[in-house]
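Reviewing the structure listed below.
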Amino acid sequence: MPEGDTIFRTARALSRALVGKPITGFRSNYPLLTRFHDETPLTGQNVDRVESRGKWVLIYFSGGGILVTHMLMNGSWHIYRPGERWRQPSSNMRIVLENSEYQAVGFRVPVAQMHTASSLSRDLRIPKPTSDVLNPDFDAEAVAQRLRICAQEEIGDALLHQHLLAGVGNIYKSEVCFVTGVNPFCKVTDLSPQQIDSLVSNAQKLIAANVLETSGNAIVTYRGPHRRTVFTADPAAASLWVYERAGQPCRRCGERIRCRLQGPGARVTFWCQHCQPMPNGTDVDG
């Protein structure tokens, strides 16, 4: 599933293509979206702004409607010039927004609905701006307080709760824990306030560093020297501290990176037992 930085870049690209321009065409194969368009035509309306909230993209129209989409595993937004050939078959199209300069095409977008400002505020699935690590209104202190409420959860699981800390996915979970020196299987109640504050701060810093204009599409958390002789199943792991590096030496201490499934969702977690010891000194199998 795309992480918060990917969704942020998607929203930024859509914003550049759509904001301030009147919509000249709209179509969708989702009945509720077409019904909304029939009753309140989007054509003729301007796009006022586009924002990301965690893993959601929100497109605001001048008539008060808000198109909300979630990519899950396979969805994506593409931007084309009029007449440009699509890079996916038309059968994958779910939504098209057009203006005089661009087409924004949502391919295989599994979750899409229209909101008003009032209904959006009541939708508990969509994170508030104060929970989104990339939002200017992000409230790190409030997020840290909400994390502490998850006292009996393992911190690796708690970091994935989008209503608490929107934008952190499975890759960043492992990377943030490593950079902070916290074992991802540690219970929240066993962490100090300073450690929780550092986890939130590092989550914000690592994700923000990956949405700069000069950043590529791959997540980069490690920028030090690389061992070219080490085989990595995922080439992107060459720029990560621990994720997808099971069995390889830790970039800091040289101990073997471990991995195991974690939580109800059985998400794979990576860590270094030496750099991220459990508070009670016990070992975590991996």
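The values are calculated or read from the model by the stated rules, or taken from the named source; none is laboratory data. What you are looking at is a predicted structure, and each value in this text was computed from that prediction instead of being measured. Methodologically, a virtual Cβ is constructed for each residue, glycine included, from the backbone with ideal geometry; neighbour enumeration extends over all protein chains shown. Note: accessible area is taken over every heavy atom of the protein model, side chains too, but ligands, DNA and RNA are not part of it. Shrake-Rupley method; radii C 1.70, N 1.55, O 1.52, S 1.80 Å.
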Report task. Answer with yes or no whether A11 is among the small types (G, A, S), without any contact (Cβ under 8 Å) to a residue 60 or more places away in the chain and out of contact with any Leu (no Cβ under 6 Å at 6 or more places or on another chain). Result -> yes
Report summary line: Considering residues that are open to solvent by less than 50 Å² (accessible area, probe 1.4 Å) and either part of a strand (DSSP E or B) or in contact with a helix residue (DSSP H, G or I) (Cβ under 7 Å, 6 or more places away or on another chain) (or both), the number found within region 80-101 is 7
Report task. Could you please tell me which pairs satisfy a Cβ distance under 8 Å, a separation of 6+ or placement on different chains, a first residue in region 122-134 that is closer than 16 Å to I66 by Cβ, and a second residue that is acidic (D, E)? Result -> P129/D137
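For region 102-121: of the residues being open to solvent by less than 20 Å² (accessible area, probe 1.4 Å) and not aliphatic (A, V, I, L, M), which is nearest to G64 (Cα to Cα)?
Our first condition is that a residue be open to solvent by less than 20 Å² (accessible area, probe 1.4 Å); within region 102-121, this holds for 104-107, 109, 115, 120.
Remaining after also requiring not aliphatic (A, V, I, L, M): 106-107, 115.
On the way: G106: 21, F107: 24, H115: 9 Å.
Per the stated criteria, the residue is H115.
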Report summary line: For region 59-76, pairs from a residue that is on the phi > 0 side of the Ramachandran plot and at pLDDT 95 or above to a residue that is exposed (fewer than 14 other Cβ atoms within 10 Å of the Cβ) and not aliphatic (A, V, I, L, M), with Cβ under 7 Å and 6 or more apart or across chains, are G64/T116
Report task. Give region 23-37 a look and list any residue that's among the β-branched types (V, I, T) and part of a helix (DSSP H, G or I), or say none. Result -> T34
Query raised in the report: So which of A218, A203 ends up being in contact with a Leu (Cβ under 7 Å, 6 or more places away or on another chain), under 23 Å from A11 (Cα atoms) and among the aliphatic types (A, V, I, L, M)?
Result: A203
Requested in this report: Among the residues of region 44-73, count how many are open to solvent by less than 40 Å² (accessible area, probe 1.4 Å) and of a type in the set (S, T, N, Q).
Outcome: 3
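Considering only residues that are of a type outside the set (A, V, I, L, M) and open to solvent by 40 Å² or more (accessible area, probe 1.4 Å), which ones fall in region 22-33? It would help to see each step written out before you state the result.
Initial filter on region 22-33 (of a type outside the set (A, V, I, L, M)): 22, 24-31.
Residues satisfying the conditions are P22, T24, R27, N29, Y30, P31.
Going by the structure shown, is V242 buried (at least 17 other Cβ atoms within 10 Å of the Cβ), at pLDDT 95 or above and in a loop (DSSP other than H, G, I, E, B)?
So V242 fits the description; yes.
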Query raised in the report: touching a residue at least 40 places away in the same chain (Cβ under 8 Å) and either open to solvent by 10 Å² or more (accessible area, probe 1.4 Å) or in a loop (DSSP other than H, G, I, E, B) (or both), is that true of Q152?
Result: no
Report summary line: Checked Q262, Q248, Q273 against criteria (polar (S, T, N, Q), under 15 Å from Y222 (Cα atoms) and touching a strand residue (DSSP E or B) at 6+ places or on another chain (Cβ under 8 Å)); the one match is Q248
Query - Residues satisfying the stated conditions in region 179-219, i.e. part of a helix (DSSP H, G or I), farther than 16 Å from L164 by Cα, in contact with a Ser or Thr (Cβ under 9 Å, 6 or more places away or on another chain) and of a type in the set (G, A, S) - result: A209
Report task. State which residue pairs qualify: first residue under 17 Å from V47 (Cα atoms) and inside region 16-35, second residue at pLDDT below 95 and not polar (S, T, N, Q) in any location, beta carbons under 7 Å apart, and separation of 6 or more residues or different chains. Result -> none
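Evaluate region 5-22: report whether one residue or more is part of a strand (DSSP E or B) and either under 17 Å from D132 (Cα atoms) or over 20 Å from the mean Cα position of the chain (by Cα) (or both). Please lay out each step first, then the result.
The first filter runs over region 5-22 and keeps only residues part of a strand (DSSP E or B), leaving 19, 22.
This time we only want the ones that are either under 17 Å from D132 (Cα atoms) or over 20 Å from the mean Cα position of the chain (by Cα) (or both), so: 19, 22.
Checked region 5-22: at least one residue is part of a strand (DSSP E or B) and either under 17 Å from D132 (Cα atoms) or over 20 Å from the mean Cα position of the chain (by Cα) (or both).
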Query raised in the report: Do we have any residue at all in region 189-206 that's open to solvent by 70 Å² or more (accessible area, probe 1.4 Å), touching a residue at least 60 places away in the same chain (Cβ under 8 Å) and farther than 16 Å from T6 by Cα?
Result: yes
**Report entry** Among (1) at pLDDT 80 or above; (2) under 19 Å from R12 (Cα atoms); (3) in contact with a helix residue (DSSP H, G or I) (Cβ under 9 Å, 6 or more places away or on another chain); (4) loosely packed, with under 14 Cβ neighbours inside 10 Å - the single one N210 does not satisfy
**Finding:** (4)
